[in-house]
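Chemist: Mind having a look at this structure? Questions to follow.
The values are calculated or read from the model by the stated rules, or taken from the named source; none is laboratory data. Predicted, not measured: the structure shown is a model, and the values here were computed from it. Each accessible area value is taken on the protein alone, full model and side chains, heavy atoms only, with ligands, DNA and RNA left out. Shrake-Rupley method; radii C 1.70, N 1.55, O 1.52, S 1.80 Å.
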Amino acid sequence: MRAMKAMYNRETKNLWIQHDDGSVDELGTAATKLIAYDKVAEAGYIRSTDWRLCGDGMPFREMVITPKPTQ
(Lines give C-alpha, C1' and ligand atoms only; values in the text may rest on other atoms or scores of the structure.)
Protein backbone atom coordinates (compact mmCIF):
# COMPACT_ATOMS: atom_id res chain seq x y z
CA MET A 1 0.00 0.00 0.00
CA ARG A 2 1.23 3.43 -0.87
CA ALA A 3 1.00 6.20 1.67
CA MET A 4 -0.50 9.53 0.64
CA LYS A 5 -1.27 12.76 2.42
CA ALA A 6 -4.52 14.35 3.40
CA MET A 7 -4.07 18.12 3.39
CA TYR A 8 -6.19 20.63 5.33
CA ASN A 9 -6.08 24.44 5.17
CA ARG A 10 -7.21 25.83 8.53
CA GLU A 11 -8.02 29.25 7.09
CA THR A 12 -10.15 28.24 4.11
CA LYS A 13 -11.25 24.86 5.58
CA ASN A 14 -10.42 23.18 2.25
CA LEU A 15 -9.56 19.49 2.36
CA TRP A 16 -7.85 17.38 -0.30
CA ILE A 17 -5.86 14.20 -0.90
CA GLN A 18 -2.34 14.67 -2.33
CA HIS A 19 -1.17 11.60 -4.28
CA ASP A 20 2.47 10.60 -4.84
CA ASP A 21 2.21 11.43 -8.54
CA GLY A 22 1.17 15.02 -7.74
CA SER A 23 -2.51 14.57 -8.55
CA VAL A 24 -5.12 15.89 -6.13
CA ASP A 25 -8.60 14.72 -5.11
CA GLU A 26 -10.64 17.61 -3.71
CA LEU A 27 -12.83 16.61 -0.77
CA GLY A 28 -14.54 19.97 -0.31
CA THR A 29 -14.50 21.82 2.99
CA ALA A 30 -14.57 20.72 6.61
CA ALA A 31 -15.42 23.07 9.46
CA THR A 32 -13.11 21.23 11.87
CA LYS A 33 -10.26 18.75 11.75
CA LEU A 34 -12.57 16.12 13.27
CA ILE A 35 -15.02 16.50 10.38
CA ALA A 36 -12.02 16.27 8.06
CA TYR A 37 -11.17 12.86 9.58
CA ASP A 38 -14.67 11.67 8.70
CA LYS A 39 -14.47 12.97 5.13
CA VAL A 40 -11.12 11.25 4.59
CA ALA A 41 -12.62 7.98 5.87
CA GLU A 42 -15.68 8.38 3.62
CA ALA A 43 -13.30 8.83 0.66
CA GLY A 44 -11.88 5.36 1.39
CA TYR A 45 -8.73 6.08 3.40
CA ILE A 46 -7.47 5.30 6.88
CA ARG A 47 -5.13 7.59 8.77
CA SER A 48 -1.61 6.54 9.66
CA THR A 49 -0.77 9.69 11.62
CA ASP A 50 -2.61 12.55 13.29
CA TRP A 51 -2.70 16.06 11.78
CA ARG A 52 0.66 17.87 11.94
CA LEU A 53 1.99 21.22 10.83
CA CYS A 54 3.06 21.51 7.22
CA GLY A 55 5.46 24.34 6.38
CA ASP A 56 6.67 27.28 8.43
CA GLY A 57 3.87 29.42 9.83
CA MET A 58 1.45 28.33 7.15
CA PRO A 59 -2.17 27.35 7.83
CA PHE A 60 -1.71 23.90 6.32
CA ARG A 61 -1.93 20.62 8.20
CA GLU A 62 -1.16 17.18 6.80
CA MET A 63 -1.65 13.60 7.86
CA VAL A 64 -0.36 10.41 6.27
CA ILE A 65 -3.12 8.15 4.99
CA THR A 66 -3.40 4.82 3.20
CA PRO A 67 -6.26 3.34 1.14
CA LYS A 68 -8.62 1.10 3.09
CA PRO A 69 -7.91 -2.57 2.36
CA THR A 70 -10.34 -4.22 -0.03
CA GLN A 71 -11.67 -7.68 0.64
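Chemist: Quick one: length gained pulling Asp38 to Gln18 fully straight, 0.36 nm per residue minus the C-alpha distance?
Modeler: Additional length available on full extension: 5.5 nm.
Chemist: Now for a different question. Report ³J(HN,Hα) in whole Hz for each residue of the stretch 7-14, in order, from the Karplus equation J = 6.51 cos²θ - 1.76 cosθ + 1.60 where θ = phi - 60°; Gly and Pro get x.
Modeler: Whole-Hz 3J(HN,Hα) from phi for the stretch 7-14: 10, 9, 9, 5, 7, 8, 6, 6.
Chemist: Using a Gaussian network model on the chain with a 10 Å cutoff between Cα atoms, which of Asp38, Asp56, Asp25 fluctuates the most?
Modeler: Asp56
Chemist: Summarise the accessible area of the chain (1.4 Å probe, protein heavy atoms) by the percent that is carbon and sulfur.
Modeler: 51
Chemist: Further question on the same structure: Mind checking which aspartates and glutamates have their Cα closer than 13 Å to the Cα of Lys5? Skip sequence neighbours fewer than 8 apart in that chain.
Modeler: Asp20, Asp21, Asp25, Glu26, Asp50, Glu62
Chemist: Against the longest alpha carbon principal axis of the chain, how many degrees, from 0 to 90 and to the nearest 10, is the axis of helix 33-42 turned?
Modeler: 20
Chemist: Calculate, for the chain, the solvent-accessible area per residue in square angstrom, rolling a 1.4 angstrom probe over the heavy atoms of the protein chains.
Modeler: Heavy-atom SASA per residue in the chain reads 64 Å².
Chemist: Moving on. Translational diffusion coefficient, Stokes-Einstein: compute it for the chain using the Kirkwood radius over C-alpha pairs as Rh, at 25 °C and 0.890 mPa s, and state it as an integer in µm² s⁻¹.
Modeler: In µm²/s, the coefficient rounds to 202.
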